[in-house]
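The values are calculated or read from the model by the stated rules, or taken from the named source; none is laboratory data. Note that the structure is a prediction, hence the values are computed from the model and not measured. In this analysis, Cβ positions are derived from the backbone assuming ideal geometry, glycine residues included, and neighbour counts consider all displayed protein chains.
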Amino acid sequence: MSEGCSLGEVVPARLSTATRTTQGTERELLATISAGSRSAMAELYLLHFARLAKFFLHVTGRVDLVEELINDTMFDVWRESAKIGSDTPVPAWIMGLAYSHGQMRLVAAGSTRPHVPTPAPMDQQDFLMKLPFEERAALHLTYADGFSRQSIADIMNTSCERVDVLLADARHRLRQLPCPAKNTLI
């Protein structure tokens, strides 16, 4: 991540007025989107932009990819809106699409593995970037977004047991990194 860039630079100020809706309202938006409503798509985009921006920034560490990955994800929402299951929570479904796009992009770039440590002082994001993509995603979905273990398993298309292993491995790796006292992660 380049110095001086923050999530605040990625998320436009206009989104501060966007409010989260209930699951029912998001479902109504998806139904309207599947009928071709661009205004419903714009509303859903605004509702999920900040969450997706934070997710992509945390799991890729690349500000330059955030907006493109959000657009790719929301394009899939537009195309697949009629296919969401009635028992699938909308935020988890959208994060599942986001996870897939993030993973595909990083695999294509060959950067899902941990980065080589640098001797310079590290901030929290630098520590997270030492982890494999799946572990970064599991940590973010658990601690930043508050998804349940089952929701994370659904998002990552894996088992709950695999999510537990990813979280345990991530915590273990983070404990092994030399960490200044001010940077307590987990």
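Details
- Filter result (of a type in the set (Ser, Thr, Tyr), under 18 Å from PHE55 (Cβ atoms) and surrounded by fewer than 19 Cβ atoms within 10 Å (Cβ to Cβ)) within the stretch 143-165: TYR143, SER148, THR158
- Which listed residue is among the small types (Gly, Ala, Ser) and at pLDDT 95 or above, from ALA82, ALA53, ALA31, ALA18: ALA53
- Residue list for the stretch 64-101, filter: closer than 25 Å to PRO132 by Cα and out of contact with any helix residue (DSSP H, G or I) (no Cβ under 6 Å at 6 or more places or on another chain): ASP64, LEU65, GLU67, GLU68, ASN71, PRO91, TRP93, SER100
- Any hit, the stretch 49-60, residues being in a helix (DSSP H, G or I), surrounded by fewer than 18 Cβ atoms within 10 Å (Cβ to Cβ) and out of contact with any helix residue (DSSP H, G or I) (no Cβ under 9 Å at 6 or more places or on another chain): no
- Here ALA168 clears all of (1) in a helix (DSSP H, G or I); (2) surrounded by 20 or more Cβ atoms within 10 Å (Cβ to Cβ); (3) among the aliphatic types (A, V, I, L, M) except the condition numbered (2).
- Meets criteria (exposed (fewer than 14 other Cβ atoms within 10 Å of the Cβ), over 30 Å from GLU43 (Cα atoms), modelled with pLDDT under 95 and out of contact with any Ser or Thr (no Cβ under 7 Å at 6 or more places or on another chain)) for ALA120: yes
- Candidates are the residues of the stretch 61-73 that are part of a helix (DSSP H, G or I) and not hydrophobic (A, V, I, L, M, F, W, C); the one that is modelled with the lowest pLDDT is ASP64.
- Of MET156, MET104, all but one fail to be at pLDDT 90 or above and within 12 Å of the chain's Cα centre (by Cα); the exception is MET156.
- Listed by first and then second residue, the pairs linking a residue in the stretch 42-59 that is in contact (Cβ under 8 Å) with a residue 40 or more places away in the chain to a residue that is among the aromatic types (Phe, Trp, Tyr), with Cβ atoms under 8 Å apart and 6 or more places separating them unless they lie on different chains, are VAL59/PHE133.
- Contact annotation: residue pairs with Cβ atoms under 7 Å, 6 or more positions apart or on different chains, pairing a residue in the stretch 125-143 that is within 18 Å of SER100 (Cα to Cα) with a partner that is β-branched (Val, Ile, Thr) and at pLDDT 95 or above, are ALA138/ILE152; ALA138/VAL163; LEU141/ILE152; LEU141/ILE155; THR142/ILE152.
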